[in-house]
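Worksheet for the structure shown next.
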Amino acid sequence: MFEKILIANRGEIACRVAKTARRMGIKTVAVHSEADKDALHVRMADEAVEIGPPPSAQSYLVIERIVEACKSTGAQAVHPGYGFLSENEAFCQALKDAGITFIGPDVHAIAAMGDKIESKRLAKQAGVSTVPGHPDAIADVEEAIEIAGSIGYPVMLKASAGGGGKGMRVAYNEAEVRDGLRTTIAEAAASFGDDRVLIEKYIEEPRHIEIQVLGDTHGNIVYLHERECSIQRRHQKVIEEAPSPFLDQATRRAMGEQAVALSRAVDYRSAGTVEFIVDKNRNFYFLEMNTRLQVEHPVTELITGLDLVEQMIRVAAGEPLQFTQEEVRLDGWAMEARFYAEDPERGFLPSIGRLRRYIQPQETKNVRIDTGVYEGGEISMYYDPMVAKVVTYGLDRNAAIGHMRHALDGFYVRGIRHNLSFLSALMHHPRFLEGRLSTNFIAEEFPDGFNGITLDSATLQRVVAVAAAIHRQRAERNRRITGQMPGHVGKVSHTWIIRIDRDNWPVSTTEIEGGYEVSVDGKPHAVVNHWQTGKAWEVGQPLFDGVVDGHRMIVQLDSTGIGYRFYHGGAELTVLSLTPRAAELADLMPIKQPPDLTKFLLSPMPGLLVSLAVEPGQKVVPGQELAVVEAMKMMNILRAERDTKVIGLHAEPGDSLSVDQKILEFE
């Protein structure tokens, strides 16, 4: 077994690998850019080596520096995590030439499966079902249009060396092929150093289901069941679960056997994933094979009881698998939600900044948090905006969803915008609860984007009850700690108005054991202010974790002086506790109108202004390209929304933009 390994990655996956290595008694070496010198993965490792400036192309993607870091620290092996160099055959070869073990498959498998064109050829030879498409990289726009026409719209433009949702575009007509090809090529070159693009038929109403495989150097290959990854946004997975609520046992076995057959075709060893697209009749087609650990691997670990990082390390050290296909478990249900630093109400644009507060749910047998951040740390513009992976486990799907709801409510994060409210919306969506999933789910259910959540009446009443209990507890505390005149006992009113946004709820409170009974519009609710821990909520704490009407309820709250901002179930609410007269006066207060910014093109995200397509005095029409902003490796084209005229420039190509910074001014 190895004594020391280097982790050629950053963030939560580097921390994840370090945890398993520590449990196995293996020392770890972290590599980091200048921007990551204080990162959590650096703190967790036994040693750390700086490898370059913040841009990944100058640090985490520089093979020579990582090989040198191995030599200088005596690391015997490298775990690449996912992303960066995890599927780079040149990196694997460089390690091999230096006598360092790559914890992953060999060069041949990476080369064969990393190229989507070659992998499809091999899949066909191995008897694996494949999606109709063109077998070679396209040469130019005209060829792309011709191929798309022959395959039939819609088509998918895909970076040949792509992954992680980058370098992918769906085109429904010739104009979208022309537009999409340019941005796909640019993203492919920027993210993977390979600008080849292929075209294949886009199957509508599909499910994305993948099979986890694991092979050793002794010829043993098994599949570890499937993961349902259909909840995606712009081809980036958002929610993953295992098993799939759609597959039957016969389809599961058939997909697993084809995944193993493909793995055998390339003599695969280590952990890998064979991705399939599945139609409504459970017909499945091979998409690609990822020759690395997947982001969503924890759900497989929870239903099988296997540590995939440990298995990868043992396989790389030459050990055989210690179990057969028949011994692979499938117990319970696991679900993973990707917690990103992005703003769902602004088109999911990335959000960068410092984590002024970061409190995460307590990990239990039902809740697992994989993260690479900490309070005071920074979400950088240079890397993927993932904050954490929230993973839950239950005996069945409903139980896993229930644990996920509580876990999402249990985060308290300030300093950045994030997608926790959107994830909560998914966990409460009727169609998701039914398991009627497809890769079009988000586009179909949120066609106008995400604009927040409106709580149902029953949930809103419980929120009102919690607000009343918290206000009563705060009032009781104020009575105890403020100065009292001798012989006089301070009094606390038991009735008032809870105002949420502009709705008034009459409430009254009565003490009961462990909390209060709150009457909301005449209906009683029992609010006990702790959940199983025996520790009551205290004034000033940002999380209320209690029991309302016998059910656990977690509410985040920020004090605003005379009230609170509440966060629950993905909803954000303004809460005030008022006397009846104050509530009457509050109804008379005017609503402040936001300023008119329609005369400006504002940067919707922090990023780099790559190009400007217009100049002062130029007239523009709806849909016309105005500028391109690059953020976190994604090219974002900003377009005109109306007929107008450009009268001024407020930024130049090459400028680093902040969110809402002015780029252009219109007439």
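All of the numbers you see were taken from the coordinates with simple rules; none came from a lab. Note that the coordinates shown come from a computational prediction; the quantities given were computed from them, not determined experimentally. Every residue, glycine as well, gets a Cβ built from its backbone with ideal geometry; the counts of neighbours run over all protein chains shown.
Per-structure values
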{"quantity": "Projected area, mean over directions - segment 263-383, Cα convex hull, nm²", "calculated": "11.7"}
{"quantity": "Relative contact order, percent, segment 339-450 [alpha-carbon distance under 8 Å, six or more residues apart]", "calculated": "34"}
{"quantity": "Per-residue ³J(HN,Hα) for segment 418-428, Karplus 6.51 cos²θ - 1.76 cosθ + 1.60, θ = phi - 60°, Hz, x for Gly and Pro", "calculated": "8, 9, 4, 5, 5, 4, 5, 4, 5, 5, 10"}
{"quantity": "Descending principal axes extents, segment 600-666, alpha-carbon based, whole Å", "calculated": "30, 20, 17"}
{"quantity": "Helix-derived mean residue ellipticity, 222 nm - over the chain, DSSP H n ≥ 4, -39500 (n - 2.57), to 500", "calculated": "-8500 deg cm²/dmol"}
{"quantity": "Proxy reagent accessibility, fewest Cβ within 10 Å first, across Asp501, Asp307, Asp136", "calculated": "Asp501, Asp136, Asp307"}
{"quantity": "Coil-residue trypsin sites (Lys or Arg not before Pro) of segment 261-357, DSSP, other Cβ within 10 Å capped at 14", "calculated": "Lys280, Arg329, Arg356"}
{"quantity": "Residues Ser129, Ser86, sorted so that the one with the fewest Cβ neighbours within 10 Å comes first", "calculated": "Ser129, Ser86"}
{"quantity": "GluC sites (Glu not before Pro) restricted to segment 122-207 and DSSP loop, no more than 13 other C-beta within 10 Å", "calculated": "Glu204"}
{"quantity": "Unit charges on C-beta of K, R, D, E only; dipole of segment 156-289, Debye", "calculated": "80"}
{"quantity": "10 °C / 1.306 mPa s Stokes-Einstein diffusion coefficient of segment 362-423, Kirkwood radius on C-alpha pairs, µm²/s", "calculated": "123"}
{"quantity": "Segment 600-666: relative contact order as a whole-number percent, Cα under 8 Å and 6+ apart", "calculated": "45"}
{"quantity": "Centre separation in Å (Cα based) which lies between segment 399-467 and segment 274-310", "calculated": "25"}
{"quantity": "Segment 132-201 - charge dipole about Cα centre, Lys and Arg +1 at Cβ, Asp and Glu -1, debye rounded to 20", "calculated": "300"}
{"quantity": "Along principal axes, Cα extents of segment 339-450, largest first, whole Å", "calculated": "39, 37, 19"}
{"quantity": "Rel. contact order, % - alpha carbon contacts under 8 angstrom, at least six apart, the chain", "calculated": "9"}
{"quantity": "Cα Rg over Rh - the chain, Kirkwood", "calculated": "1.00"}
{"quantity": "P(r) of segment 4-103 over all Cα-Cα pairs, binned every 10 Å from zero, in whole percent", "calculated": "18, 57, 25, 0"}
{"quantity": "Debye, to nearest 20: dipole size of the chain, +1 on Lys, Arg Cβ, -1 on Asp, Glu Cβ", "calculated": "1800"}
{"quantity": "Cα-based convex hull, segment 132-201, per residue volume (Å³, whole number)", "calculated": "69"}
{"quantity": "Qualifying GluC sites (Glu not before Pro) for segment 491-520 [loop in DSSP, other Cβ within 10 Å: at most 15]", "calculated": "Glu513"}
{"quantity": "Alpha-carbon spread of segment 231-304, three principal axes, descending order, Å", "calculated": "32, 27, 27"}
{"quantity": "Filter on Lys124/Lys389; Lys237/Lys280; Lys116/Lys280; Lys96/Lys237; Lys4/Lys116; Lys27/Lys389 - keep pairs with C-alpha separation over 27 Å", "calculated": "Lys124/Lys389; Lys96/Lys237; Lys4/Lys116"}
{"quantity": "DSSP bridge pairs, the chain: antiparallel proportion in percent, nearest 5", "calculated": "90"}
{"quantity": "Mean shadow area of segment 211-271 over all directions, Cα convex hull, nm²", "calculated": "4.6"}
